[in-house]
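Please find one structure pasted underneath; my questions will follow.
The values are calculated or read from the model by the stated rules, or taken from the named source; none is laboratory data. From a predicted model like this one, the values you see are computed outputs, not experimental measurements. Glycine gets a Cβ as well: all are built from the backbone with ideal geometry, and neighbour counts include every protein chain shown.
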Amino acid sequence: MKAVVYKGPFEVAVENVPDPEIKHPNDVIVKITSTCICGSDLHMYEGRTAAQPGIVFGHENMGIIQETGPAVRTLKEGDRVVMPFNVACGFCKNCQRGFTGFCNTVNPGFAGGAYGYVAMGPWVGGQAEYLQVPFADFNCLPLPAGTEWESDFAMLADIFPTGYHGAALADVSPGESVAVFGAGPVGLMAAYSCMIRGAAEVYVIDHVIERLEKAEAIGAIPIDFDNGDPVQQIKDRRGGQGVDKGIDAVGYQAAMAGSPAAGGEQHEAPNIVLNQAIEVVNPTGALGIPGLYVPTDPGGVDEASKRGSLAINFGLLFEKGLRLGTGQCNVKSYNAYLRDMIISGRASPSFVVSHTVSLDEAPDAYTKFDQRIDGYTKVILNP
Ligand SMILES: NC(=O)c1ccc[n+]([C@@H]2O[C@H](COP(=O)([O-])OP(=O)(O)OC[C@H]3O[C@@H](n4cnc5c(N)ncnc54)[C@H](O)[C@@H]3O)[C@@H](O)[C@H]2O)c1
Ligand SMILES: [Zn+2]
Ligand SMILES: [Zn+2]
């Protein structure tokens, strides 16, 4: 089958790889109809992880069941399904408590597994024609037959639940004000989820104009950090006050002000968003941090950040009595509910999708999504 294969920093290719097979009686093979490129793929694509050439990318996968193992109980050939990016067993201590992003079974020696991701186990990615799904009864979310809501449902594999997770970690509640850092797919989904949870005022911080426009289109207040300190910009609009809650949907590759687009040179500051979030949230508030931080970063800006060690204003965090939550999203905790919001017309997360292209066009899509140019906000590949 054809698949998107990592060749080395800033290079992917569409190549022939072996077809996946049923390896365990509870596996299924899914024929992929939609699979997305994620900001998380870019960390590998840019050589900012330990990923070695040869990995098949793709953890945001959806399609039609092609073949079922003999022990599969709830699924059959022809069923339409979307898979959480987490691979999970359903019966280990963490899965049983709902922490499917930290499964102890699927990636021995580590808590958590995913398709097509460095250090997340042996699971081949789904930016391909077919995908092997283990523990299939647990890992497939059934969808209504047909082709309706294809782009909306594709967002259920990762970014809609992950954005919602950011809002849940920050315990965003009706009437609250929230600052969401990052207007990438995860940030936009986090802002959208804050609205779903009843937030009164949502600020979205970024410097990519098309993305800020999408934030504004869903009723958020866009803040361009190239125009000055975003904390000050928010406080100026709120009579000197901060906000109730903060969400970091940027992660360790956070940029400082001044972008190539603004005629500047972009420098990374891996702690900048965390510190701004601590500053902008009012005492007794909370931070949700779905943005990715890693214990080893080969391209880190200094020795400490290469070890994932960042200078955080913990004193201020403590003084303000802020709570914080981090980590991979446990997609299973949310995906069925968010699916039902799509079906009932209460949520349409596909507003983030900017491009839908064929698998063969993946290399070009990676380049443009990585550079955040030409309006590339979220790409769906249709194999
Ligand atoms: N926790 C999880 O389960 C999970 C799941 C998916 C993605 N992620 C992570 O979430 C993060 C966002 O993912 P994405 O797909 O939206 O990626 P993305 O790279 O498309 O979006 C990140 C956005 O942050 C903006 N940004 C950079 N520096 C900033 C700053 N200083 N202030 C405000 N905005 C800034 C960028 O311009 C970009 O638009 C990534 O780190 C990704 O790995 C985590
Ligand atoms: Zn993803
Ligand atoms: Zn498990």
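Wholly within the stretch 286-383, which helices (runs of 4 or more DSSP H) include no fewer than the required count, namely at least 3 residues that are in contact with a helix residue (DSSP H, G or I) (Cβ under 6 Å, 6 or more places away or on another chain)? Don't jump to the end; show me each part of the working.
Working: elements: 303-306, 314-320, 335-343, 362-371.
The qualifying helices (runs of 4 or more DSSP H) are 335-343.
Looking only at the stretch 225-256, filter to residues that are within 16 Å of ligand 2 (Cβ to nearest atom) and either of a type in the set (Gly, Ala, Ser) or not assigned by TED's automatic domain parsing to the domain that holds Ser305 (or both); which one of those is nearest to the chain's Cα centre (by Cα)?
In this case the residue turns out to be Ala249.
Right, here's the next one. Within the stretch 135-145, work out how many residues are in a loop (DSSP other than H, G, I, E, B) and either crowded, with 20+ Cβ neighbours inside 10 Å or in contact with an Asp or Glu (Cβ under 6 Å, 6 or more places away or on another chain) (or both).
Quick first cut of the stretch 135-145, residues in a loop (DSSP other than H, G, I, E, B) only: 135, 140, 144-145.
Filter again for either crowded, with 20+ Cβ neighbours inside 10 Å or in contact with an Asp or Glu (Cβ under 6 Å, 6 or more places away or on another chain) (or both), leaving 135, 140.
So the count comes out to 2.
To continue, here is another question. For the stretch 76-94, enumerate the residues that are more than 16 Å from ligand 1 (Cβ to nearest atom) and of a type in the set (A, V, I, L, M, F, W, C).
Taking the stretch 76-94 first, the residues more than 16 Å from ligand 1 (Cβ to nearest atom) are 76-81, 89-93.
Listed by number, the residues that qualify are Val81, Cys89, Phe91, Cys92.
Condition check ((1) within 16 Å of ligand 2 (Cβ to nearest atom); (2) not small (Gly, Ala, Ser)) across all residues:
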site	(1), (2)
Asn139	yes, yes
Ala157	yes, no
Ala179	no, no
Gly182	yes, no
Asp206	no, yes
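Table: residues versus (1) touching a residue at least 12 places away in the same chain (Cβ under 8 Å); (2) under 17 Å from Asn26 (Cα atoms); (3) out of contact with any Asp or Glu (no Cβ under 6 Å at 6 or more places or on another chain); (4) surrounded by 19 or more Cβ atoms within 10 Å (Cβ to Cβ).
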{"residue": "His59", "(1), (2), (3), (4)": "yes, no, yes, yes"}
{"residue": "Thr74", "(1), (2), (3), (4)": "yes, yes, no, no"}
{"residue": "Met83", "(1), (2), (3), (4)": "yes, yes, yes, yes"}
{"residue": "Val87", "(1), (2), (3), (4)": "yes, yes, yes, yes"}
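While we're here: When the residues of the stretch 238-268 are filtered to those that are at pLDDT 95 or above and outside any loop (DSSP other than H, G, I, E, B), which remaining residue is farthest from Val202 (Cα to Cα)?
Asp248
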